[in-house]
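The values are calculated or read from the model by the stated rules, or taken from the named source; none is laboratory data. These numbers come from a predicted model, not from an experiment. Cβ: placed from backbone, ideal geometry, glycine included. Neighbour counts: every protein chain shown.
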Number of protein chains: 2
Amino acid sequence: MEGVDILPHERSKKQFDVDAMKIVWAGSRHAFEVSDRMARLVASDPAFQKDNRSRLGRKELFKNTLRKATYAWKRIIELRLTEEEAGRLRFFVDEPAFTDLHWGMFVPAIKGQGTEEQQQKWLPLAYKMQIIGCYAQTELGHGSNVQGLETTATFDPDKDEFVIHSPTLTSSKWWPGGLGKVSTHAVVYARLITNGEEHGVHGFIVQLRSLDDHMPLPGITIGDIGMKFGNGAYNTMDNGVLTFHHVRIPRNQMLMRVFQVTREGKCVQSNVPRQLIYGTMVFVRQTIVADASSALSRAVCIATRYSAVRRQFGSQDGVETQVIDYKTQQNRLFPLLASAYAFRFVGEWLKWLYTDVTQRLQANDFSTLPEAHACTAGLKSLTTTATADAIEECRKLCGGHGYLCASGLPELFAVYVPACTYEGDNVVLLLQVARFLVKTVSQLGSGKEPIGTTAYLGRVQDLMQCRCEVQTAEDWLKPSVMLEAFEARSARMCVARAQNLSKFANPEDGFAELSADLVEAAVAHCQLIVVSKYVYSSSCANLKTCRVRFNYPWTMGV
Amino acid sequence: MEGVDILPHERSKKQFDVDAMKIVWAGSRHAFEVSDRMARLVASDPAFQKDNRSRLGRKELFKNTLRKATYAWKRIIELRLTEEEAGRLRFFVDEPAFTDLHWGMFVPAIKGQGTEEQQQKWLPLAYKMQIIGCYAQTELGHGSNVQGLETTATFDPDKDEFVIHSPTLTSSKWWPGGLGKVSTHAVVYARLITNGEEHGVHGFIVQLRSLDDHMPLPGITIGDIGMKFGNGAYNTMDNGVLTFHHVRIPRNQMLMRVFQVTREGKCVQSNVPRQLIYGTMVFVRQTIVADASSALSRAVCIATRYSAVRRQFGSQDGVETQVIDYKTQQNRLFPLLASAYAFRFVGEWLKWLYTDVTQRLQANDFSTLPEAHACTAGLKSLTTTATADAIEECRKLCGGHGYLCASGLPELFAVYVPACTYEGDNVVLLLQVARFLVKTVSQLGSGKEPIGTTAYLGRVQDLMQCRCEVQTAEDWLKPSVMLEAFEARSARMCVARAQNLSKFANPEDGFAELSADLVEAAVAHCQLIVVSKYVYSSSCANLKTCRVRFNYPWTMGV
């Protein structure tokens, strides 16, 4: 078949050093080598086979995941894999499972919020997987508004216990992965009540199922919340529902690193700064941005290969035109390709931001935290929305064939889209960014200089007046021109919104009324961040040696 | 639970006559009554249960569909349902099945392209389902470019037979619904070859499987092409792959209403006008536009109800704000609600267009055909793209809950999206519209007046110069203002594209180079059509009695 030779032919036309680019993409030679080794390990082992996943009914699918997760754990032990290697292995096994929550949420929650003693008691059990944990925060009626959680943890000083209870239907824990079938324990978030007074939402370690027969313990009702989008996708995960009927736990199972309840039921704030939580948030969102570039690159890769192989119309000498040569295809595909690189670079930069924030926190410097928080919230929103849309666009770019699971794209979409909702709904996050931007603008001239990704607002006078110097299409390829355009757009939108807001007597009324406009300004600001990190990264020496040329980075996303 | 009372409370605030609106939506009182009766019939019969669909593995799912399709057929006979009633019953059974292709493609192909004798022979068998047929056109390598199909039908004058053959891998028939497991027969499209000469692509009735043991006949290889997007969705359909190895059929199984091959192998064009095919195309696309409004209304209905019931943040007196009261939610949801009505009205108008075209064709008047064809192609593209995007937006508007199959939205999306690809890829269709628009513009002033949906281009001089008279936001609610804005935009884009095209020595080179711009002009033209039919419909007496008020119709879609 003629088609078989097309990809090598296309590859021979490359204008950059592919091996060097692989290193840039991975982040370092070491990261590339670990990734490459784990990819080969998974691909060569029939136990990690994925091709039957979309055909199975829910029960078989889930059994299959249990087998794979157990086998992966066995291999990790046998091969004495490092934490980094184990993480990459799970990445290539590429199947959401209860282990994600055990390692990614349950263990870190105990590490971050537990006292030394609590860590010493629970972490060894968790590390050996003698207990399996999940993270029970979201409720049927409460997702974004964590302060609205209804589950209660009432201190009983007579017995030195907390009573965990679900007072309403909407207080049912809903969504926790690993809860529906597997977990023996959970970190449960509940409103703390002592002496009849509320003290906000805190985490509690609660045993859910017997370690003997795996049955739910008395007072605990658990179920699986049923099928989710896609064939395989998140259906390999046992997202669950959980209610408590006056379940008692010892006082020392409240996670007490930051906030303590004494034997007498008194509340004591520890000297550990609460802001530490924001450091974790920066870390998690950095991971999500990295995942976005990864998912987007897979989709773009599939659509690009398809576009090179597929021919349709435009017959010359009996051979039709490769669809990648159609402008309508390029116009849709190439900006997504550029976005995949842009998101990769901004993800790498977020790693630096996390390190910087962590070092400052350790030195009790909280000054950069609001800006770092707004920045990561915005980038999480921007990159996940753009990636979800882009996967579907790539699917359509493969015509009818993109509708087959064999293309990989339907499952990639179905497994990816929750990223737009979890760890902060994307619109709610943009509103947080907008709030920060408006505040920053309102403080201009007060002596408080905007920092980090908002530093450009310090030049707002210039940016309100500057005129675009572009004369020809090529001018747009100059990084300085691109940057100024994005800065001017974002600055002008922020200032305009702030002015409109100031017309309202009650700022909150104004914020509600103008929220759709405010979201637009937040998007403009986030696009600027991506462009600025992209321009920076693509001008750095490491990348220049690859001689990579990008198309249309300014049309990316949203 | 307080939430339970919310919907009746919201409904009590309605400002229009809901019962009257139901009739408007259905198209007529008769249509509403049939629809309502069939909906109740399906909902009350446990055999049509749908709630287990997303949990089943492929094999069980497919068996389930066979049972349902057989049972539906039994009920249609028992209850002596009319064709209209049977159609609505299948609509509410709401599960793609081989019967869709049998009734919707196989039977109409024989009716439309078969001679009287062929109809008399095959239709009674098909009506009684003694044979089950599918429509085998698309090949692995050819979808949009029907003239590029590779399957051959070579006339053998010695035996008075055609030899159907698949010369390459890419010539495999790929996608036909009903082919993979069920069909006994197919209408197969193949390149006709007689006396060593090619005579274009024609349809042939080919028996695929034995009527005794259902095994594929000699020379025929059939398979199922595997899993598609979603849990249930199109996985209830046995989309198949089919190759022929020199399969012989009698000469009289070529569909010969329009084009005949004689006993001697001579080709004869009949006096039946070929343009009749375009009438069918208008009909099919009218159905697709109607389906778009139906799918979109389901999604919007789910998201609206959710938005009324769901509360989050903004606590006052302990009760949080209904998310439907947030501007960010309204701004995303209400334009989709308006679009559902707009697509419904434009769908009703297409029914009229189909009747008009059919009457003209019967009188040998082909003058309106190119305009009607461009109009329906564009509306198919516009409404299906907007609807697919809107279902996903509605899903996101339901937060995490939209990711559960229980919300209905994941399956609705997965089953809907192929509409963007089948019956003409949406981008390819827009390019056809653009071609027609450019041609129309180039003929202005030549004495050939633009007609129908392009009539506004006859006022191009005015539209190039007119200035928008809007002073206040309310001015946009005037239909005449809205219409003029859309007309001016579309006219100016069409003229600009035509001028840019005229700079190319070779028009085809220009068309390829400017295709992305041309697509934009086509979208502007199609949006104008929707707006004009919407403005017309919402000002008609029937609708006025409902006192319906719409939001933002001008921001709809794409």
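Does B:Val163 meet the test of being hydrophobic (A, V, I, L, M, F, W, C), within 14 Å of chain A (Cβ to nearest Cβ) and crowded, with 16+ Cβ neighbours inside 10 Å? No; evaluated as a whole, the condition is false for this residue. Put simply, of A:Leu404, A:Leu409 the only residue that is in contact with a Lys or Arg (Cβ under 7 Å, 6 or more places away or on another chain), without any contact (Cβ under 8 Å) to a residue 60 or more places away in the chain and on the phi < 0 side of the Ramachandran plot is A:Leu404.
Residues that are in a helix (DSSP H, G or I), within 24 Å of B:Ile288 (Cα to Cα) and either among the aromatic types (Phe, Trp, Tyr) or facing chain A (nearest Cβ under 8 Å) (or both) within segment B:396-425 comprise B:Pro410, B:Phe413, B:Ala414, B:Tyr416, B:Val417, B:Pro418, B:Cys420, listed in sequence order.
If you go through segment A:312-334 and pick out every residue that is in contact (Cβ under 8 Å) with a residue 40 or more places away in the chain and basic (Lys, Arg), you end up with 1.
Of all residues in segment B:55-74, those being in a helix (DSSP H, G or I) and in contact (Cβ under 8 Å) with a residue 24 or more places away in the chain number 12. Looking only at segment B:210-234, residues that are within 14 Å of chain A (Cβ to nearest Cβ) and in a strand (DSSP E or B) come to 3 in all.
So that you can scan it fast, the table gives a plain yes or no per residue for (1) farther than 24 Å from B:Ser144 by Cβ; (2) more than 14 Å from chain A (Cβ to nearest Cβ):
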site: B:Gln312; (1), (2): yes, no
site: B:Leu333; (1), (2): yes, no
site: B:Arg360; (1), (2): yes, yes
site: B:Ala363; (1), (2): yes, yes
site: B:Pro370; (1), (2): no, yes
site: B:Thr376; (1), (2): no, yes
site: B:Leu379; (1), (2): no, yes
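Contact annotation: residue pairs with Cβ atoms under 6 Å, 6 or more positions apart or on different chains, pairing a residue in segment B:221-244 that is small (Gly, Ala, Ser) with a partner that is assigned to a strand (DSSP E or B) and at pLDDT 95 or above, are B:Gly223/B:Val241; B:Gly240/B:Ile222; B:Gly240/B:Asp224. Considering segment A:235-249, and only residues there that are buried (at least 21 other Cβ atoms within 10 Å of the Cβ) and under 22 Å from A:Val188 (Cβ atoms), the residue that is nearest to the other protein chains (Cβ to nearest Cβ) turns out to be A:Asn239. Among all residues of segment B:29-45, there is none that is over 30 Å from B:Phe345 (Cβ atoms) and either within 14 Å of another protein chain (Cβ to nearest Cβ) or in contact (Cβ under 8 Å) with a residue 40 or more places away in the chain (or both). Here segment A:136-160 is the region considered, the condition is being within 14 Å of another protein chain (Cβ to nearest Cβ) and among the hydroxyl-bearing types (Ser, Thr, Tyr), and the residue that is surrounded by the most Cβ atoms within 10 Å (Cβ to Cβ) is A:Thr138.
Of all the residues in segment A:194-209, those that are in contact with a helix residue (DSSP H, G or I) (Cβ under 6 Å, 6 or more places away or on another chain) and in a loop (DSSP other than H, G, I, E, B) number 0.
Criterion first (part of a helix (DSSP H, G or I) and under 19 Å from A:Leu350 (Cβ atoms)) does A:Cys375 satisfy it? Here the answer is yes, as A:Cys375 does meet what is asked.
Here's a check for you: in segment A:418-441, which residue that is small (Gly, Ala, Ser) and at pLDDT 95 or above is farthest from B:Cys398 (Cα to Cα)? Step by step, filter segment A:418-441, then rank; the result is A:Ala434. The residue that is farthest from A:Leu404 (Cα to Cα), counting only those in segment B:55-76 that are touching a Lys or Arg at 6+ places or on another chain (Cβ under 9 Å) and within 14 Å of chain A (Cβ to nearest Cβ), is B:Asn64.
Scanning segment A:226-244 for residues that are among the β-branched types (Val, Ile, Thr) and in contact with a helix residue (DSSP H, G or I) (Cβ under 8 Å, 6 or more places away or on another chain) yields A:Thr236, A:Thr243. When the test is whether a residue is away from chain B (no Cβ under 14 Å), surrounded by 19 or more Cβ atoms within 10 Å (Cβ to Cβ) and touching a Cys at 6+ places or on another chain (Cβ under 6 Å), A:Leu101 passes it. Only residues that are free of Cβ contacts under 8 Å to residues at least 24 places away in the same chain and either surrounded by 21 or more Cβ atoms within 10 Å (Cβ to Cβ) or at positive phi (or both) were counted across segment B:268-295, and they come to 0.
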